[in-house]
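Note sheet for the following structure.
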Amino acid sequence: MDDLEAWLDEAYPRAYRTACLVLRSPADAEDAVQEAFLRVWRFRDAIPGGDGRRAWLYRVVVNACLSRLRGDKVWRARTDDDVLQRLPSQSDPQREAEDAALAACLGDALARLPEHLRVPVVLRYYSGLPEKDIAVAIQRRPGTVKSRLSEARRRLSEDPALAEWAGLEVAR
Amino acid sequence: MITDELLERGLGEIADGYDVPPQAIDDILDQLRPADAVAPDDTDVETSHRRWPPSRHTWLLSSAAAVVVLILVAFIVGGGHNDGSPSAGGKVTNTVSDRENAAGVGADGSVKMMSSSPGSAPGGGTVSVPAAAPPRPAVTRDQFASGGGSTPSVVPSDSLTKIVQTGSMDLQVDKGKVDGAVVALTKQARVLGGFVASSQSVGGDEPSASVTLRVPNSSFPDLLAQARGLGKVLSVDTKSADVTAQYVDLQARLHALGLTKSTYLNILTKASTIGEILSVQQRVNDIQTQIDQLQGQLKVLTDQTSYATLTVSIDQKASIKSVVVHHQSGLGKAVNRSVSRFVHGVEAIIGVIGPIVLVLLLVALGWLLAKVGYRIVRRQMV
């Protein structure tokens, strides 16, 4: 039981921020992760061992987020996200400004992605889950995850907010 | 195309903007701990959190119990029917062989061709007989067992009951007495108020004959008794079929058609145009055709229920020249009995396998449903 507590304690920050990225609401994310962790505790006998444990945890977190998302329709409603104002300050002013601009553009572009593409992107590029674990988390086949990630990247590249960033990357 | 690095950087930047609430995880863990504090021991915790969803074993046991209950209910409901009752089927078959009377019927119910004549089968040995009289399955032996003219098991209980009685008999007469037996049977049928429906004779070294006799139903047992007296009876097969329902149905349909016909005739008298007359007349003709058909069927049925039919096949003893007589020792009998019981055992096992397979299939189905249900519940809960 102590192991489980320690594991949850360790996993909480990233799970919380993943939920934040999906829900774009710290309060909702906190509730969703709390609900997810309670479910994990309740079904702790079903937690798989080894590498599958993290995927399973994110599956529960994503399900909690999606339940909240589909129930409240919070994503589309939130346009006054204040996350950019709360970005931590960095030592390099130019880098800080660049990251802030990227975050703002990506946030807007992400907001325009449909839910079924947004969640894999967050799990892949923030939570760092491999495709097979994302497949477990969203309960789809790895091939589906792959195609969704590809489609998400394509849409993000074509998004007007990120087009400039995509061009910059190519130029570099 | 946007790169993975850019996405990771951007998402990390956005995520970093969200401050992790410092007390949130502690609050969650605090919510979890009281469950352990309240629980007296680990076993109780396990029990409490296992109440729902139930464990896989619980699902399996519940499904198995449900299947067993269903099977029991099916057996109980199905056990209420007695298909073997003569009254239920309305049809009874009586097959008896004189050999059965002498030596009994084998356990498998088949009629053995065994001669009781000391001359032909010394020592009461078994005689194999050519296909002159094929064995028939014995159903009941309570009738005709004494050789007398006892009535069939199905007897009209009242005047409305309509019974069709038929029978066949294999008769063996002394050499040169086949024709005499045919004559005697014909005469006997006429005495009983019946007639000869058909008769066939084959001459030559081994003459034989086949006579189909029709006598009033009430005289059928007498005819059987008389036929028995003409020679050695190799086998007797009688059948009784209750056709009361069919008879009543035909009568009802005839009555209804008669009423309909009367109605149309009434309409016909009121018809004014040629078209109307032709149309109604056509209907009347159709109904009349149906009435004729039903009346024909009723007539046939009446004839069948009024007169019983007995077909007698007559052979003479010379026809069993080629019989092979072999004595069977006690050891041989024991071997035969053993083989017979072995076959019966196999039959019994096969008979039991069917329900077992059914039960296994149902259990497998229940297990599958429980598994799917368990997964669905788990998916919904998680």
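Structure notes:
- Test: residue in segment B:176-193 that is in contact (Cβ under 8 Å) with a residue 24 or more places away in the chain and in a strand (DSSP E or B): no
- Residue within segment A:128-137 that is within 11 Å of chain B (Cβ to nearest Cβ) and not small (Gly, Ala, Ser) present: no
- If you filter segment A:26-74 down to residues that are of a type in the set (Asp, Glu) and under 14 Å from the mean Cα position of the chain (by Cα), you find that the one that is nearest to the other protein chains (Cβ to nearest Cβ) is A:Glu30.
- Looking across segment A:113-137, the residues that are of a type outside the set (D, E, K, R) and under 15 Å from B:Ile2 (Cβ atoms) come down to A:Leu113, A:Leu117, A:Pro120, A:Val121, A:Val122, A:Tyr125, A:Tyr126.
- Filtered residues of segment A:1-19 (kept if at the interface with chain B (Cβ under 7 Å from one of its Cβ atoms) and at pLDDT 90 or above): A:Tyr12, A:Pro13, A:Tyr16, A:Arg17
- Taken over segment A:108-130, the residue count meeting the criterion of being open to solvent by 10 Å² or more (accessible area, probe 1.4 Å), at pLDDT 90 or above and of a type in the set (D, E, K, R) is 1.
- Of the residues examined, A:Ala29 is one that is buried (at least 22 other Cβ atoms within 10 Å of the Cβ), within 25 Å of A:Asp108 (Cβ to Cβ) and at pLDDT 80 or above.
- The residues of segment A:132-166 that are under 13 Å from A:Arg59 (Cα atoms) and of a type in the set (D, E, K, R), listed by number, are A:Lys132, A:Asp133, A:Arg140.
- Within segment B:292-304, being open to solvent by less than 70 Å² (accessible area, probe 1.4 Å), out of contact with any helix residue (DSSP H, G or I) (no Cβ under 7 Å at 6 or more places or on another chain) and at pLDDT below 90 holds for B:Thr302, B:Asp303.
- Selection within segment B:6-31 - among the β-branched types (Val, Ile, Thr), buried (at least 22 other Cβ atoms within 10 Å of the Cβ) and under 29 Å from A:Ala152 (Cβ atoms): B:Ile14
- Scanning segment B:218-240 for residues that are farther than 14 Å from B:Met169 by Cβ and surrounded by 19 or more Cβ atoms within 10 Å (Cβ to Cβ) returns B:Ser219, B:Ser240.
- Filtered by the rule that a residue be open to solvent by 80 Å² or more (accessible area, probe 1.4 Å) and part of a helix (DSSP H, G or I), segment B:267-291 gives B:Thr269, B:Lys270, B:Ile274, B:Glu276, B:Leu278, B:Gln282, B:Arg283, B:Gln290.
- On the stretch given as segment A:138-166, residues that are away from every other protein chain (no Cβ under 11 Å) and assigned to a loop (DSSP other than H, G, I, E, B) total 2.
The values are calculated or read from the model by the stated rules, or taken from the named source; none is laboratory data. Bear in mind that the values here come from a model prediction, so they are computed numbers and not experimental data. Ideal geometry is used to build each Cβ from the backbone, glycine not excepted, and the neighbour counts take in all protein chains shown. We work out accessible area using only protein heavy atoms, side chains counted, and drop any ligands, DNA or RNA first. Shrake-Rupley method; radii C 1.70, N 1.55, O 1.52, S 1.80 Å.
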